[in-house]
Structure formats: C-alpha cells, structure tokens
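Below you'll find the structure, written out as structure tokens, and then a few comments.
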C-alpha cells in the first residue's frame, strides 16, 4: 500500500496520498483547493524528534534513520487499510497514532479536534468549526511568506 506525495503549487503545500495499488501515473487533485496540476515530490521518511526522548537522536544515535520508525510507519499504513474512514473515532485514533510515531507535538486545536472525533462528532462539523484554528497552527495557507518553502500537510488522503 504505497503513499505518494504531491506538491500543490496553489496552496504551496505537500500532501500525502494513500493508494491501494502501485500507480505512478495517477495524479490526484488537491484536497484543499482542488487544483488538478499537482507535482510528485520525493517522499521523506523520518522525524525531527523522537517521541520517547523529545530529541532528534535516539539513545543508539540513529535518530531519523532509525529502522524502527520505518517499521512502525509500515505497520500503521497496513492498519489504515482496515480503517473505516466514516468512523470519527477511528479517524481520531489514526491521527493520535500518526503523531505518536512521528513525534510531532499535538497543537491545542488539533487536540480539540481529536477529542471531538473521539466523542463521535461529525468530522465535517468539526472541520468547519476548527478549520481556521488548525490552519493558523499549521502556519496559514500558502506558507508564512511569498516564496516560502512548501509546508507538509499532516493528513493522509485517498488517491
């Protein structure tokens, strides 16, 4: 189950797309602005901080190159195959697991979103109410300034 990454030049954001089969020819549309001319970019694999230590290096000094992190991401990707994307509780669990594996901090708006999904609230309503706060915490639309490097979206979208 491959994950492909594409840059939306309109949003200046890199999105990850989950595919159920290897298909290097398919180009998805942007999940935010629906632009159709996304460009495939090289995927990165690693994290900037360890969830256990909070630093960039594990005790064994492997840090971002740690094969344990890659194995966890592959296990997580396999788990996503069986996820019911219409179940808000499963969505919340997936977001929590992804941030745990990546060692990413959970921002206040993200925590509120996860809490509400865990309570079974409608994901579209939660996004409508918290979308602007989440966007602000992620640095705003299109980067912090003109010409800014693209930001990576934290979602995983179907291809």
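The values are calculated or read from the model by the stated rules, or taken from the named source; none is laboratory data. Everything numeric here is computed off the predicted structure, so don't read it as measured data. Neighbour counts run over all protein chains shown; Cβ positions are idealised from the backbone, glycine included.
Things to note:
- Hey, residue 78 modelled with pLDDT under 80, loosely packed, with under 11 Cβ neighbours inside 10 Å and not in a loop (DSSP other than H, G, I, E, B) or not: yes
- Exactly one residue out of 49, 59 is part of a loop (DSSP other than H, G, I, E, B), modelled with pLDDT under 80 and buried (at least 16 other Cβ atoms within 10 Å of the Cβ): that is 49.
- Subset of the stretch 100-110 [surrounded by 13 or more Cβ atoms within 10 Å (Cβ to Cβ) and either assigned to a helix (DSSP H, G or I) or in contact with a helix residue (DSSP H, G or I) (Cβ under 6 Å, 6 or more places away or on another chain) (or both)]: 100, 101, 102, 106, 107, 109, 110
Residues checked against (1) at pLDDT 80 or above; (2) loosely packed, with under 13 Cβ neighbours inside 10 Å; (3) on the phi > 0 side of the Ramachandran plot:
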{"site": "6", "(1), (2), (3)": "yes, no, no"}
{"site": "32", "(1), (2), (3)": "yes, no, no"}
{"site": "54", "(1), (2), (3)": "no, yes, yes"}
{"site": "98", "(1), (2), (3)": "no, no, no"}
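- Residue 70 meets all of the listed conditions (1) in a helix (DSSP H, G or I); (2) modelled with pLDDT under 65 but one, namely (2).
- The stretch 120-140: number of residues that are closer than 11 Å to residue 88 by Cβ, free of Cβ contacts under 8 Å to residues at least 12 places away in the same chain and part of a loop (DSSP other than H, G, I, E, B): 0
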